[in-house]
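Q: Provided herewith is a single structure, encoded as structure tokens, for subsequent inquiry.
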Amino acid sequence: MAMTVRLSEGRDGRLLYASRVRWARGIIILAVVVALEIYGRLFADPAFLQPPSEVLRAWFVTVLPDGRITSALGMAAFEIACAYALSVTFGAAIGLAIGSTAFSRLALFPLILLLYAIPQISFIPLFVLMFGLGAASKIAFGFTHGVLPVIVAVVGGMKNVPALYVRGARSMGLSKLAIIRHVIFPNIAPSFFVGLRLAMTMTLLGVILAELYVSTAGIGFFTRMFADNYNPAPLFALIGSLAAIALLFNGCVRILERQLSRMHSGAPAG
Amino acid sequence: MSRTTLSAHLIQFGVIAILGGAWYWSTATGSVSKLFLPEPAAVWLAFSHLITTGQFWSAVKVTLTTIAQAYAIALLAGIGVGYLVSRSRFLIDVLEPIIAGLFAIPITLFFPMFILFFGIGTGSKIAYGASYAFFPIALNTIAAFANAETHFLRAARSMGASQWDTFRHVLIPSALPVLLNGMRIGFFISFASVLGGETLSSVAGVGRNIALAAELMESARMYAWIAFVVLTAVMLNLLAGGLETRVSRGGDGAWR
């Protein structure tokens, strides 16, 4: 280990080390896939586990040509996008309102944290009762999951905004929006970005929980059907597609974050 | 208690009282269907009836045992794997992004697979809760041990501390706050995911009873179960918060 540390000094050493890390990571992932393939082909009960190649085949044969499954996947993506947009908008607005004074933070923030501590899954039947089996209940459930981390992040960031800056900006006649844009945002940005990422994780969780809970339509119907028929290859293919959608959304959030932080660093200081 | 905190508490109670009042008022005037929102009295009646039944306690027992088993597995695996990975910079650089990347995918997606592999009994909930909670515990363990101050470690070694002494008196105290944070997150994730697994698909437990009451349209009983879950979660949270401040204060003391 001491050798590698010494080796990794200097630019060439660092590049060499980085490429070794990347190789090792690739080999590990490849080894897992190959192991699953061998195990799935030779030992596993095909009613429970199928090798990755069969899952890929099922994706092309069963999942992709079935219009009902692809539209269910598209619907899930739509629900995630809607729920996330609502979470960020309302979360930022509520967070700014609660975080604006020390007193409102003291009085209202504990209530938000209290809400955050409650496992929302116990409310899922209510959401379905109120919003039905369609997209509305899933968007609503994704929203209640996603909005809390945004509020917490914004309020947490607002604590670090020096009151003097806000007072100074106001006395120099800046509008509310300009204060948010030029004084508050640069100060809460790091915390806000963490909140944006966490909100996506939670929104995904909420939408997927609701999708799986409703087993008469959408994704939940198909996962239930494949699982009940002991047909794991299309089940894994469907889950894999959803995982890809989740990764796509996470990637979008990261791009959004990069754009926003460029905007943030481009903002004139003071 | 200063005047500011007093009025803050007054506002908090005020908000809760307004919500409670709105609940009472909207059901008393009949503006909301009883199916969505039964009267507080009906929920209270259902709750007090529920806790006298053996069915309630057996469901609670099933859920608590499942959570305990899932959390125990997640702790052992998460701290074990996290500690082993944290021992080498190379392993951290290779494996940490894989673990973090997997955690970015909601594990809930794989819930149907757990049902397929382990059936709809408690086994699938244990496996689901354990694998969900594994990730934050492992990631925090890696962060906790990897970020121990190297000059403290070097100083301890140069002063002739044995490997065990270094571990016990330098590594553990410096890792404890982050480690505890991971353990707390892991606990609440296993709590929520066991409940979620029971609600989605199972034969017993608290989550199953919530879903069952909803299917049977017995909303008063469903609210009674939900109230039980909410109260439990809030109390556990307060408990965990108190425990954490006490232990990490003790950890701080070990530095001085």
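Q: Just one of (1) more than 27 Å from B:Thr232 (Cβ to Cβ); (2) in contact with a Phe, Trp or Tyr (Cβ under 9 Å, 6 or more places away or on another chain); (3) crowded, with 18+ Cβ neighbours inside 10 Å trips up B:Phe135, so point out which.
A: (1)
Q: Using the structure shown, decide if B:Leu231 is within 13 Å of another protein chain (Cβ to nearest Cβ), at pLDDT 90 or above and in contact with a Ser or Thr (Cβ under 9 Å, 6 or more places away or on another chain).
A: no
Q: Within the range A:7-38, restricting attention to residues that are under 20 Å from B:Ala100 (Cα atoms) and among the β-branched types (Val, Ile, Thr), which residue is nearest to the chain's Cα centre (by Cα)? Show your work before the answer.
A: Here is the first cut: in the range A:7-38, the residues under 20 Å from B:Ala100 (Cα atoms) are A:18-33.
Next, from what is left, pick out any that are among the β-branched types (Val, Ile, Thr): A:21, A:27-29, A:32-33.
Numbers: A:Val21: 26, A:Ile27: 27, A:Ile28: 25, A:Ile29: 23, A:Val32: 25, A:Val33: 25 Å.
Looking at residues that are under 20 Å from B:Ala100 (Cα atoms) and among the β-branched types (Val, Ile, Thr), I get A:Ile29.
Q: Hey, does the range B:53-67 have a residue that's among the hydroxyl-bearing types (Ser, Thr, Tyr), in a helix (DSSP H, G or I), surrounded by 16 or more Cβ atoms within 10 Å (Cβ to Cβ) and assigned by TED's automatic domain parsing to the domain that holds B:Lys125?
A: Start the filter on the range B:53-67 by keeping residues that are among the hydroxyl-bearing types (Ser, Thr, Tyr), which leaves B:53, B:58, B:63, B:65-66.
Subset that is in a helix (DSSP H, G or I): B:58, B:63, B:65-66.
Next, only the ones that are surrounded by 16 or more Cβ atoms within 10 Å (Cβ to Cβ) stay: B:63, B:66.
With assigned by TED's automatic domain parsing to the domain that holds B:Lys125 added as a condition, the list becomes B:63, B:66.
Among the residues of the range B:53-67, at least one is among the hydroxyl-bearing types (Ser, Thr, Tyr), in a helix (DSSP H, G or I), surrounded by 16 or more Cβ atoms within 10 Å (Cβ to Cβ) and assigned by TED's automatic domain parsing to the domain that holds B:Lys125, which makes the answer yes.
Q: Look through A:Phe226, A:Phe236, A:Phe222 and report the one residue that is more than 9 Å from chain B (Cβ to nearest Cβ) and aromatic (Phe, Trp, Tyr).
A: Numbers: A:Phe226 fails: more than 9 Å from chain B (Cβ to nearest Cβ); A:Phe236 fails: more than 9 Å from chain B (Cβ to nearest Cβ).
That would be A:Phe222, the only listed residue that is more than 9 Å from chain B (Cβ to nearest Cβ) and aromatic (Phe, Trp, Tyr).
Q: Would you confirm whether any residue within the range B:165-183 is within 11 Å of another protein chain (Cβ to nearest Cβ), among the hydroxyl-bearing types (Ser, Thr, Tyr), in a helix (DSSP H, G or I) and crowded, with 19+ Cβ neighbours inside 10 Å?
A: First pass over the range B:165-183, keeping only residues within 11 Å of another protein chain (Cβ to nearest Cβ): none.
No, because not a single residue in the range B:165-183 is within 11 Å of another protein chain (Cβ to nearest Cβ), among the hydroxyl-bearing types (Ser, Thr, Tyr), in a helix (DSSP H, G or I) and crowded, with 19+ Cβ neighbours inside 10 Å.
Q: Read through the list (1) more than 13 Å from every other protein chain (Cβ to nearest Cβ); (2) more than 26 Å from A:Gly168 (Cβ to Cβ); (3) in contact with a His (Cβ under 8 Å, 6 or more places away or on another chain), then give the number of the only condition that A:Leu256 fails.
A: Failing condition for A:Leu256: (3).
Q: Moving to a separate point now. Does any residue of the range A:79-95 turn out to be surrounded by fewer than 18 Cβ atoms within 10 Å (Cβ to Cβ) and under 23 Å from B:Ile185 (Cβ atoms)?
A: Taking the range A:79-95 as the starting set, the residues that turn out to be surrounded by fewer than 18 Cβ atoms within 10 Å (Cβ to Cβ) are A:81, A:85, A:89-90, A:93.
Those still in the list that are under 23 Å from B:Ile185 (Cβ atoms) too: none.
No - not one qualifying residue is present in the range A:79-95.
Q: Moving on to the next point. Tell me, please, whether a residue that is at pLDDT 90 or above and at negative phi can be found in the range A:176-183. Walk me through it before giving the result.
A: Kept after step one, since they are at pLDDT 90 or above, are these residues of the range A:176-183: none.
Within the range A:176-183 (the criterion being at pLDDT 90 or above and at negative phi), the answer is no, since none of the residues qualifies.
Q: Which residue, of A:Gly240, A:Gly195, A:Gly206, A:Gly251, is under 20 Å from B:Gly207 (Cα atoms) and either of a type in the set (Val, Ile, Thr) or part of a helix (DSSP H, G or I) (or both)?
A: Details: A:Gly240 fails: under 20 Å from B:Gly207 (Cα atoms); A:Gly195 fails: under 20 Å from B:Gly207 (Cα atoms); A:Gly251 fails: under 20 Å from B:Gly207 (Cα atoms).
On inspection, the qualifying residue turns out to be A:Gly206.
Q: Which ones in the range A:113-139 are under 30 Å from A:Arg181 (Cβ atoms) and surrounded by 18 or more Cβ atoms within 10 Å (Cβ to Cβ)? Break it down into steps so the answer makes sense when it comes.
A: Looking only at the range A:113-139, we keep the residues that are under 30 Å from A:Arg181 (Cβ atoms), and these are A:113, A:115-116, A:139.
The one that is under 30 Å from A:Arg181 (Cβ atoms) and surrounded by 18 or more Cβ atoms within 10 Å (Cβ to Cβ): A:Ile139.
Q: Might you check whether a residue that is surrounded by fewer than 19 Cβ atoms within 10 Å (Cβ to Cβ) and either outside any helix (DSSP H, G or I) or not assigned by TED's automatic domain parsing to the domain that holds A:Leu129 (or both) occurs anywhere in the range A:174-189?
A: The answer is yes; a qualifying residue exists.
Q: Got a sec? Which helices (runs of 4 or more DSSP H) wholly within the range B:87-157 have at least 3 residues that are of a type in the set (S, T, N, Q) and farther than 28 Å from B:Ser174 by Cβ?
A: Values: elements: B:89-104, B:111-118, B:122-146.
Counting at least 3 such residues, we get B:122-146.
Q: May I ask you to list the residues in the range B:187-214 that are assigned to a helix (DSSP H, G or I), away from every other protein chain (no Cβ under 11 Å) and over 15 Å from the mean Cα position of the chain (by Cα)?
A: Within the range B:187-214, just B:Arg208 meets the criteria.
Q: Among the candidates B:Met217, B:Met222, which residue alone is within 14 Å of another protein chain (Cβ to nearest Cβ), under 30 Å from B:Ser124 (Cβ atoms), surrounded by fewer than 20 Cβ atoms within 10 Å (Cβ to Cβ) and of a type outside the set (Lys, Arg)?
A: Working: B:Met222 fails: surrounded by fewer than 20 Cβ atoms within 10 Å (Cβ to Cβ).
Just one listed residue meets the conditions, B:Met217.
Q: Only one of these is small (Gly, Ala, Ser), surrounded by 21 or more Cβ atoms within 10 Å (Cβ to Cβ) and more than 30 Å from A:Ala24 (Cβ to Cβ): B:Ser124, B:Ser48. Name it.
A: The match here is B:Ser124.
Q: If you scan the range A:105-126, which residues turn out to be touching a residue at least 60 places away in the same chain (Cβ under 8 Å) and more than 7 Å from chain B (Cβ to nearest Cβ)?
A: A:Gln120 - this is the single residue of the range A:105-126 that is touching a residue at least 60 places away in the same chain (Cβ under 8 Å) and more than 7 Å from chain B (Cβ to nearest Cβ).
Q: Under the condition of being touching a residue at least 12 places away in the same chain (Cβ under 8 Å), more than 30 Å from A:Ser19 (Cβ to Cβ) and not hydroxyl-bearing (Ser, Thr, Tyr), which residue from the range B:73-109 is surrounded by the fewest Cβ atoms within 10 Å (Cβ to Cβ)?
A: B:Ala77
The values are calculated or read from the model by the stated rules, or taken from the named source; none is laboratory data. Note that the structure is a prediction, hence the values are computed from the model and not measured. Note: ideal-geometry Cβ built from the backbone for every residue, glycine included; neighbour counts use all protein chains shown.
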